[in-house]
Amino acid sequence: MGTYYRVKVILPSGGDLAPDRRAGLTALIEGELDKVNRLMSTYVDDSEVSLFNDHRSTEPFAVSEETFVVIGEAIELGQLTQGALDITVGPLVDAYGFGPDGALPEVAESELRRLRARVGLHHLRLDAGVRTVAKDRSGVEIDLSSIAKGRAIDLVTEKLVSEGYSDLMVEVGGEIRVAGRNVLGKPWRLGIERPQASRGGVQRVIELESGALATSGDYRNFRMIDGERVSHIIDPRTGRPISHWLASASVVQPTCARADGLATAFMVLGTETAWKLAKENDIPALLLVRDGDGFIERATPAFERRFPQEGNRIPRPAPE
Ligand code: ADP
Ligand code: MG
């Protein structure tokens, strides 16, 4: 996935994992991550998604259950977000030079029109009974990059839980899912990064016992074209990379696939629309908006309720 991963498991007995157990767990974790990569990466030539993308015909294309579930969830999130999350944006992602095919520095109106004819969720037909995906015209592609990382985190988490671990943290490239407690027996403390190109700054720390935190931003993965910052996130409504003051969107959800997908969608929608949609759906979200050299925080009511800032935190009732 072109990034790092980090997993913490807390042993009920305390102490460290025995080396052979540790090696076994590492193999399990990497097995899950590899599986998602092998099935869903557009950078892997013979992944299911790449084969679907190369598939010229409109005949239904059979996929694994894993891939089918992710495509289904991405489409559902696409509907929830008024088309902001659109896994058919691949041809546009490639055109702006973020996909596996390299750069095409400038996209002319005519070229954009041609590409956009292949983009839109209405081009896809899913059949859950036989687990197939069909495109209604040749050239329609699927790009699961906005959500696959989150799904991989969910699969690793489920695997560890099925192995009997209940206190754990799984992170892949900044997206995180936690369960249970940390090594101090407290809820996990997760940092929401300040959206700057250099790593390190933390804007907010939240305490989470169970669930996932995903952040999408235009502050790290971008290209400079003619002196302008071009984001890797495409607005399907215009066919162009997003360009606005929203620097990052962080979302908390029970699963990381959902958090990951929504975070990307919120970046597309921009501050006001994203905030309103998150509020209406009671989604905890923190939007960081550029303001001079700093950032303005826009947190939804659900976010403020779940993660009260230090200082106005409501004390926990003492245990009986
Ligand atoms: P990251 O992979 O950097 O964590 P995201 O989760 O936000 O970022 O996913 C961004 C990726 O999703 C892009 O690199 C691109 O492949 C794809 N993408 C871009 N725009 C959209 C969109 N509107 N809907 C779905 N996927 C998108
Ligand atoms: Mg995402």
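Tell me whether the stretch 154-163 contains one or more residues that are in a helix (DSSP H, G or I) and more than 22 Å from the chain's Cα centre (by Cα). Yes - at least one qualifying residue is present in the stretch 154-163. Any residue in the stretch 7-24 that's touching a residue at least 60 places away in the same chain (Cβ under 8 Å): show its pairings with residues that are open to solvent by 40 Å² or more (accessible area, probe 1.4 Å) and β-branched (V, I, T) at Cβ separation under 7 Å, as long as the two are six or more apart or on different chains. Close Cβ pairs satisfying both conditions: I10/V183. Answer yes if at least one residue in the stretch 187-200 is touching a helix residue (DSSP H, G or I) at 6+ places or on another chain (Cβ under 6 Å) and not in a loop (DSSP other than H, G, I, E, B), and no otherwise. The answer is no, given that none of the residues of the stretch 187-200 is touching a helix residue (DSSP H, G or I) at 6+ places or on another chain (Cβ under 6 Å) and not in a loop (DSSP other than H, G, I, E, B).
Given the options F68, F52, name the one that is open to solvent by less than 60 Å² (accessible area, probe 1.4 Å) and touching a strand residue (DSSP E or B) at 6+ places or on another chain (Cβ under 6 Å).
Within the list F68, F52, the selection yields F52.
Within the stretch 163-192, the residues that satisfy the criterion of being over 18 Å from S146 (Cα atoms) and acidic (D, E) are E163, D167.
Based on this model, can you work out whether G174 counts as modelled with pLDDT under 95, within 13 Å of ligand 2 (Cβ to nearest atom) and of a type in the set (G, A, S)? Criteria met by G174.
The listed residues are L112, L126, L184, L155, and the only one of them that is away from ligand 1 (no atom under 13 Å from the Cβ) and free of Cβ contacts under 8 Å to residues at least 40 places away in the same chain turns out to be L184. Going residue by residue through the stretch 227-249, is there one that turns out to be surrounded by fewer than 12 Cβ atoms within 10 Å (Cβ to Cβ) and either out of contact with any strand residue (DSSP E or B) (no Cβ under 6 Å at 6 or more places or on another chain) or at pLDDT 90 or above (or both)? Checked against the condition, which is being surrounded by fewer than 12 Cβ atoms within 10 Å (Cβ to Cβ) and either out of contact with any strand residue (DSSP E or B) (no Cβ under 6 Å at 6 or more places or on another chain) or at pLDDT 90 or above (or both), the stretch 227-249 yields at least one hit.
The values are calculated or read from the model by the stated rules, or taken from the named source; none is laboratory data. Everything numeric here is computed off the predicted structure, so don't read it as measured data. Reconstructed Cβ throughout: ideal geometry from the backbone, glycine too, with neighbour counts over all protein chains shown. For accessibility, only protein heavy atoms count, side chains too; no ligands or nucleic acids. Shrake-Rupley method; radii C 1.70, N 1.55, O 1.52, S 1.80 Å.
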